[in-house]
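The values are calculated or read from the model by the stated rules, or taken from the named source; none is laboratory data. Remember, predicted model here, so these are calculated numbers, not experimental data. Reconstructed Cβ throughout: ideal geometry from the backbone, glycine too, with neighbour counts over all protein chains shown. Remember, those area values only see protein heavy atoms, side chains included, never the ligands or the DNA or RNA. Shrake-Rupley method; radii C 1.70, N 1.55, O 1.52, S 1.80 Å.
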Amino acid sequence: MFIELNGVRHHYTSTGEGPPVVLIHGLGGTLHTWHGVTEALKLHHHVVSLDLRGHGRSETGKGTFSVKTWAQDVEALISALELPAVTLVGHSLGSLVAQQLATSKPEAVDNLILLGGISYFEPPAKDSYNQRAETAEQEGMDTLVDTWVAGALAPRTHAKLPQLVGLARGMFLANDPRQYAKACRALAKAPAIDRERIGQPTLLLVGDHDRSTPIAMTEELHADIPVSRVRVIPSAAHWASLEQPDVIASAILEFLT
């Protein structure tokens, strides 16, 4: 389905009945990274997911991207669908979008779930995203894909599920290099979020093999967010929603029960 949000045509899905859950994907991903999680959650919840502007089948709009703009798009979707306060689930880049919306529009967010959550980036990490943006623009996605997929999925996935590795490669390579570069720069410029203002009950999920947003970063979020708990997802790296969708869905349902 498609909907115009803040002047930009967005692709989204809506399925199931019950209390609403809204899913936000990570950098270079699409709403389809949540497919396995959605299939489990929709038995008990109304599940909504969208392609962020510049990703998947959503348009890009004009100008640069930012965490604030993406959060405004999610807020507009919640409003357009006339949803009551939602459980907001964000992965990686999407975790910053979710944190931004939870603090800027707290009445729209009932519960918060961050998968591979980002607390903050030290200057070397910011520099690496800016360098990645330059590489994407100058050399294309093919130059980046091998390094990306090596860290995106856990060793067990590479050994046991080569078909999933191939699909993940395809998703990454499908990104428009210019839009991916813009998203990388937005991530490098992500605003500081006053996480002590996050009043929603929060579940922090992280893969045990996550090198991009390691367990230490999740512990930083746990220390900052007043009402939060941590759960480690076994045999999963940064794109845990692809590797362990049933475990993630089970953790979410347990948290919301």
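Given (1) at pLDDT 95 or above; (2) on the phi < 0 side of the Ramachandran plot, where does Glu82 come up short, assuming only one miss?
(2)
So Glu220 ticks every box in (1) in contact with a Ser or Thr (Cβ under 7 Å, 6 or more places away or on another chain); (2) open to solvent by 60 Å² or more (accessible area, probe 1.4 Å); (3) part of a strand (DSSP E or B) but one. Which box is left unticked?
Just one mismatch for Glu220, condition (3).
Could you list, in sequence order, the residues of the stretch 204-217 that are outside any loop (DSSP other than H, G, I, E, B) and either at positive phi or surrounded by 23 or more Cβ atoms within 10 Å (Cβ to Cβ) (or both)?
Leu204, Leu205, Val206, Gly207 - these are the residues of the stretch 204-217 that are outside any loop (DSSP other than H, G, I, E, B) and either at positive phi or surrounded by 23 or more Cβ atoms within 10 Å (Cβ to Cβ) (or both).
Could you give every pair whose Cβ atoms fall below 7 Å, whose first residue belongs to the stretch 213-225 and is in contact (Cβ under 8 Å) with a residue 12 or more places away in the chain, and whose second residue is in a helix (DSSP H, G or I) and open to solvent by less than 60 Å² (accessible area, probe 1.4 Å), counting only separations of at least 6 or pairs across chains?
Close Cβ pairs satisfying both conditions: Leu221/Arg195; Asp224/Arg195; Ile225/Arg195.
Restricting the search to the stretch 223-241, which residues are touching a helix residue (DSSP H, G or I) at 6+ places or on another chain (Cβ under 8 Å), of a type in the set (A, V, I, L, M, F, W, C) and open to solvent by 40 Å² or more (accessible area, probe 1.4 Å)?
Val230, Val232
Of the residues Arg195, Arg185, which is basic (Lys, Arg), under 26 Å from Gly63 (Cβ atoms) and out of contact with any Lys or Arg (no Cβ under 7 Å at 6 or more places or on another chain)?
Arg185
Quick one: which residue in Leu50, Leu77, Leu88 is in contact (Cβ under 8 Å) with a residue 24 or more places away in the chain, farther than 30 Å from Gly140 by Cα and under 13 Å from the mean Cα position of the chain (by Cα)?
Within the list Leu50, Leu77, Leu88, the selection yields Leu88.
Kindly state which strands (runs of 3 or more DSSP E) lie completely within the stretch 1-55 and contain at least 3 residues that are buried (at least 24 other Cβ atoms within 10 Å of the Cβ).
Correct list: 20-24, 46-50.
Please go through the stretch 96-112 and give me each residue that is out of contact with any Phe, Trp or Tyr (no Cβ under 7 Å at 6 or more places or on another chain) and touching a residue at least 40 places away in the same chain (Cβ under 8 Å), ordered by number.
Listed by number, the residues that qualify are Leu96, Ala98, Gln99, Gln100, Ala102, Thr103, Pro106, Val109, Asp110, Asn111, Leu112.
Taking the stretch 242-257 as the search range and keeping residues that are within 26 Å of Phe172 (Cβ to Cβ) and among the acidic types (Asp, Glu), which one is surrounded by the most Cβ atoms within 10 Å (Cβ to Cβ)?
Result: Glu243.
Suppose we filter Lys182, Lys160 for residues that are touching a helix residue (DSSP H, G or I) at 6+ places or on another chain (Cβ under 9 Å) and either over 26 Å from Leu41 (Cα atoms) or not small (Gly, Ala, Ser) (or both); which single one remains?
After applying the criteria, what remains is Lys182.
Is at least one residue of the stretch 61-76 at pLDDT below 95, open to solvent by 20 Å² or more (accessible area, probe 1.4 Å) and on the phi < 0 side of the Ramachandran plot?
yes
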